[in-house]
Amino acid sequence: MTTVQEPSAPEAASTPDIHTTAGKLADLRNRQAQAKVPVGEAAVEKVHAKGKLTARERIQALLDEGSFVELDALARHRSTNFGLADNRPLGDGVVTGYGTIDGRDVCVFSQDATVFGGSLGEVYGEKIVKVMDLAIRTGRPLIGINEGAGARIQEGVVSLGLYGEIFHRNVQASGVIPQISLIMGPAAGGHVYSPALTDFVVMVDQTSQMFVTGPDVIKTVTGEDVTMEDLGGAHTHMVKSGVAHYVADGEQDALDYVKDLLSYLPSNNQAAAPRLAPTDPIVGSIEDSLTAEDIELDTLIPDSPNQPYDMHEVIRRLLDDDEFLEVQAERAKNIIVGFGRVDGRSVGIVANQPTQFAGCLDIDASEKAARFVRTCDAFNVPIITLVDVPGFLPGTEQEYNGIIRRGAKLLYAYGEATVGKITVITRKAYGGAYDVMGSKHMGADVNLAWPTAQIAVMGASGAVGFVYRKRLLEAAKNGEDVDALRLELQNEYEDTLVNPYVAAERGYVDAVIPPSHTRGQIVSALRLLERKMVSLPPKKHGNIPL
């Protein structure tokens, strides 16, 4: 993209005598001060006038006070083309370094859109590569704060080379250290692919945009008129594309979400997530440790299997302090994913949502859940699956858009995961969706069911049409009351097969439990699975149905 050359910051009023020690120190202080406002105070004021923070202020708001250690603050570009030799701001448009969040070490970079529009040049890219290498070597989470206009055209192909170096490291770091991207303004061209390769993308409502080609290019090539917000705004990438994992109300909200997110994740794939003191600990028997919220679960499921209930109410009663950090809350609302704690341990939650499409799995829900399951598995976070699923959403749109291949991603994710997996069937678990949602057959460690569970190939109304088709036809020919017969047969089918006990007889569920005992059973299972060991056949990597 076209970038604007900004004037360099003014020189210090007095030039120190660099032939003396005092002068050398004064010269260093001048350079450091200049690096903090590389293109002058006026540029900072423009940023503040938009209600935004500068690149440095974002780092300060993210990290523990006084913990930031900057790297390469005095770096400058080396290009001499197109007048760049006379415009060499310190830092080259990106602030890099390391510090702590809640006392835990992290590496960070923050792109500065006041310098060449945030465009990436050689030195800019080298700075990011260096801090990425440091994060990988030391096993520390990497947080990227992004805002920029793509490649720095004046520097030519070297910008593309550095993009490739960054992308390569994103891939190398994937599953090794948590990588989190914040999008704090427009990010275009090559700037969008590094965030897309990270584990989580956080955007700010109305001020963040991501797109490969902007509205002007689209208008020229296709004739379409589209605004930046409609094309690549936060809600577009949450609801439609699935790129974003959280839409923040403002920059501070975005930074706070990242802090919360990190509290559930380990520093790397060889470490454990932070563990807190449990609230309402299970001491002694489960019955003796029941709370009022536990007992409320016994009356949460409606008597009618067709009446919805909010799965958030189940989740809330299972987690410590009712705290649940949801991921992609506005996308594929028929499935819920997010982080919480049980017995002080970090856990990942995957749950069908009966209030949306009756909890059916569709393309978006399958991909949303599959990615989350793989993220939890990569970073040793146990997975708790809450099941109330009548099947896959039917329709030509789903079939034509690849529900077979894309739904198989969730199967693959569960089958691949070696982290502790606990599944609770609250109500419906029908057909292939039963297998997909953390079933014993797909490698779950502990499978529980409530007495309200309905585990079967399909629901009674559908099954009767297949199982008793001839009998219903004969009844119609004989002038019998077909509706009454159908209802009788449905009740018979439900009593015979649509319950948790057939699955329990075969060991497909380990126990049928009162809902009020769920939290205690999960705590017990998590304690057991803390020492889970898995031996896998040797292979380079699997071939997930992308």
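For the stretch 248-303, the dipole from Cβ point charges (+1 on Lys and Arg, -1 on Asp and Glu) about the Cα centre works out to 540 debye, to the nearest 20. Report, to the nearest 10°, how far helix 403-416 tilts away from the longest principal axis of the Cα atoms in the chain, using its own Cα long axis and a range of 0 to 90°. The two axes meet at around 80 degrees.
Between the alpha-carbon centres of the stretch 345-359 and the stretch 291-332 there is a gap of 9 Å. Annotation: the residues Glu147, Glu530, sorted from fewest to most other C-beta atoms within 10 Å of their own C-beta, follow the order Glu530, Glu147. How big is D, in µm² s⁻¹, for the chain by Stokes-Einstein at 20 °C and 1.002 mPa s if Rh is the Kirkwood radius over C-alpha pairs? Diffusion coefficient, whole number: 82 µm²/s.
Could you tell me whether the stretch 140-265 comes out rounded, prolate or oblate from its Cα gyration tensor? Rule is a ≥ b ≥ c as square roots of the eigenvalues, rounded for a/c under 1.5, then prolate if a/b exceeds b/c, otherwise oblate. Don't skip to the end; give the middle numbers.
Numbers: a/c = 2.15, a/b = 1.20, b/c = 1.80.
Because a/c hits 1.5 or more and a/b fails to exceed b/c, the stretch 140-265 counts as oblate.
Relative contact order of the chain: 9 percent, from C-alpha pairs under 8 Å at least 6 residues apart in sequence. Each Lys and Arg adds +1 at its Cβ and each Asp and Glu adds -1 at its Cβ; summed about the Cα centre, the stretch 110-179 shows a dipole of about 260 debye. Each peptide in 181-193, 163-175 receives the mean, over its residues, of other Cβ atoms within 10 Å, and ordering these scores from highest gives 181-193, 163-175. Straight-distance candidates among the aspartates and glutamates for linking to Lys130, with alpha-carbon spacing under 16 Å and chain neighbours fewer than 8 residues away dropped: Glu70, Asp72, Asp92, Glu122, Glu165. For the stretch 257-279 versus the stretch 17-48, the inter-centroid distance based on Cα atoms is 38 Å.
The fewest-to-most ranking of Ile18, Ile384, Ile455 by surrounding Cβ atoms within 10 Å reads Ile18, Ile455, Ile384. Residues Leu231, Leu255, Leu473 in ascending order of nearby Cβ atoms (within 10 Å, fewest first): Leu473, Leu231, Leu255.
Bridgeable aspartates and glutamates around Lys540 (alpha carbons under 16 Å apart, same-chain partners fewer than 8 residues away excluded): Glu416.
With N counted as the residues of the stretch 195-340, its alpha-carbon radius of gyration over 2.2 N^0.38 Å works out to 1.40. Take the convex hull of the alpha carbons in the stretch 21-263; its mean projected area over all directions comes to 14.2 nm². Shape class of the stretch 395-546 from the Cα gyration tensor (axes a ≥ b ≥ c, square roots of the eigenvalues): oblate, since a/c reaches 1.5 or more and a/b does not exceed b/c. Beta bridges assigned by DSSP with both partners in the chain are antiparallel in approximately 40 percent of cases. Using a cutoff of 8 angstrom between alpha carbon atoms and counting only pairs six or more residues apart, the relative contact order for the stretch 248-364 works out to 23 percent.
Working ranking of peptides 341-349, 268-276 by packing, defined as the average number of other Cβ atoms within 10 Å per residue, highest first, is 341-349, 268-276. Look at the alpha carbon pairs under 8 Å that are at least 6 residues apart: their mean separation over the length of the stretch 112-234 gives a relative contact order of 23 percent. Name the lysines eligible as straight-distance cross-link partners of Lys532: C-alpha to C-alpha under 17 Å, and not fewer than 8 places from it in the same chain. Excluding near neighbours in sequence, the set is Lys421, Lys440.
A helix-only calculation puts the chain at -11000 deg cm²/dmol for mean residue ellipticity at 222 nm, using -39500 (n - 2.57) for each DSSP H run of at least four residues, averaged over all residues. Once the chain from Val482 to Leu71 is taken as fully extended at 0.36 nm per residue, the excess over their C-alpha distance is 140.1 nm.
Every number here is computed from the coordinates shown, using simple stated rules; none is lab data. Here the structure is a predicted model, which means the values were calculated and not measured. Glycine also receives a Cβ, built like all others from the backbone with ideal geometry; neighbour counts cover every protein chain displayed.
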